[in-house]
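Q: Got a structure here, written out as structure tokens. Questions coming.
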Amino acid sequence: MVAVISPCITAETTEAYKQQIERLQPFATRVHIDISDGEFAPSFLVGANELYWPPNWQVDVHAMVVRPSEHLARLFQLKPSLIIIHAECSENLAATLQVIKEAGIRAGLALLRSTVPSVVADAIKVADHVMIFSGDLGKQGGKASMVQVEKVRLIKAINPEVEIGWDGGANIENVFTLVRNGISVINVGGEIANAEDPKAMYVQLSQEINKKGVL
């Protein structure tokens, strides 16, 4: 398993979105972009209609929305690599994930801290990616709830082949622990966004997750 660092874009305005794109463009390859409807998450972020990104990026769109079906047509036009919907949204999870897959896009499922994997087992079986969400919806720079790592084992018991991601509070102190526990996509918000040198922090994080552990 090769683990990757995926910088996050969490922007409330088109200007902030543009600035974050420009900041990450020189070095990022896989990027995690948050959208929000202001209903599922407490803050309004840029919506699907405002998204764009450099052609060389592999983009995961994290849809913090109550009704994903209202946003999928636009997202399909953009052709991201992965669309992540929330297990707690109001639509049929397995059916929505299947629609995403039929569009030729990988389908992901995000679990809030309170959501137990067994409750959404049918959706996990369909998903290409499951993201353990440990942060605060619509915000960066939160603290990781490391007890959530236990969900990796529970998710793998349901779907052994699924890719597992992490979102919330990832930093230089904990990313190696996350990888050692089976997480292969670590979405990093504040640690990169607030760094004096974002590229240097990205490189440091990438080196940290791929270092050899001491037995």
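The values are calculated or read from the model by the stated rules, or taken from the named source; none is laboratory data. Computed from a prediction, not measured in an experiment: that's the story for all the values here. Using ideal geometry, Cβ is built from the backbone for each residue, glycine included, and neighbour counts are taken over all protein chains shown.
Q: Among the residues of the stretch 92-130, what is the count of those that are assigned to a loop (DSSP other than H, G, I, E, B) and either of a type outside the set (Ser, Thr, Tyr) or in contact with a Phe, Trp or Tyr (Cβ under 8 Å, 6 or more places away or on another chain) (or both)?
A: 9
Residue by residue, here is whether (1) closer than 30 Å to Asn194 by Cβ; (2) without any contact (Cβ under 8 Å) to a residue 24 or more places away in the chain; (3) not basic (Lys, Arg) holds:
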{"site": "Ala95", "(1), (2), (3)": "no, yes, yes"}
{"site": "Gln98", "(1), (2), (3)": "no, no, yes"}
{"site": "Asp122", "(1), (2), (3)": "no, no, yes"}
{"site": "Asp128", "(1), (2), (3)": "no, no, yes"}
{"site": "Val152", "(1), (2), (3)": "yes, no, yes"}
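Q: Still on this structure: Which of the residues that make up the stretch 77-90 are under 20 Å from Tyr17 (Cβ atoms) and either touching a residue at least 24 places away in the same chain (Cβ under 8 Å) or touching a Pro at 6+ places or on another chain (Cβ under 8 Å) (or both)?
A: Of everything in the stretch 77-90, those that are under 20 Å from Tyr17 (Cβ atoms) and either touching a residue at least 24 places away in the same chain (Cβ under 8 Å) or touching a Pro at 6+ places or on another chain (Cβ under 8 Å) (or both) turn out to be Leu78, Lys79, Pro80, Ser81, Leu82, Ile83, Ile84.
Q: Go over the candidates Ile155, Ile209, Ile186 one by one and state the one that is of a type in the set (Val, Ile, Thr) and out of contact with any strand residue (DSSP E or B) (no Cβ under 6 Å at 6 or more places or on another chain).
A: Ile209
Q: Oh, and also: Give the stretch 17-50 a look and list any residue that's modelled with pLDDT of 95 or more, of a type outside the set (Ser, Thr, Tyr) and more than 25 Å from Ala73 (Cβ to Cβ), or say none.
A: Gln19, Glu22, Arg23, Leu24, Gln25, Pro26, Phe27, Ala28
Q: Right, another one. What is the number of the single condition among (1) under 17 Å from the mean Cα position of the chain (by Cα); (2) crowded, with 18+ Cβ neighbours inside 10 Å that Pro198 does not meet?
A: (1)
Q: Could you grab me the full set of residues in the stretch 15-33 that are under 17 Å from Met64 (Cβ atoms) and either in contact with an Asp or Glu (Cβ under 9 Å, 6 or more places away or on another chain) or loosely packed, with under 15 Cβ neighbours inside 10 Å (or both)?
A: Those that are under 17 Å from Met64 (Cβ atoms) and either in contact with an Asp or Glu (Cβ under 9 Å, 6 or more places away or on another chain) or loosely packed, with under 15 Cβ neighbours inside 10 Å (or both): Ala16, Tyr17, Val31, His32, Ile33.
Q: Same structure again: What do you reckon, is Leu137 hydrophobic (A, V, I, L, M, F, W, C), modelled with pLDDT under 95, touching a Phe, Trp or Tyr at 6+ places or on another chain (Cβ under 8 Å) and assigned to a loop (DSSP other than H, G, I, E, B)?
A: Answer is yes for this residue.
Q: Return yes or no: is Ser114 closer than 17 Å to Cys8 by Cβ and under 18 Å from the mean Cα position of the chain (by Cα)?
A: Taking the combined requirement at face value, the residue does not satisfy it.
Q: For the stretch 51-63, name all the residues that are surrounded by 16 or more Cβ atoms within 10 Å (Cβ to Cβ) and either at pLDDT below 95 or not aliphatic (A, V, I, L, M) (or both).
A: If the condition is that a residue be surrounded by 16 or more Cβ atoms within 10 Å (Cβ to Cβ) and either at pLDDT below 95 or not aliphatic (A, V, I, L, M) (or both), then Trp53, Trp57, Asp60, His62 are the ones that fit.
Q: Moving on. Restricting to the stretch 201-215, and then to whatever is modelled with pLDDT of 95 or more, out of contact with any Phe, Trp or Tyr (no Cβ under 9 Å at 6 or more places or on another chain) and hydrophobic (A, V, I, L, M, F, W, C), can you tell me which residue is surrounded by the most Cβ atoms within 10 Å (Cβ to Cβ)?
A: It comes out as Leu205.
Q: Among the residues of the stretch 147-167, which ones are polar (S, T, N, Q) and under 16 Å from Asp122 (Cβ atoms)?
A: Across the stretch 147-167, the qualifying residue is only Asn159.
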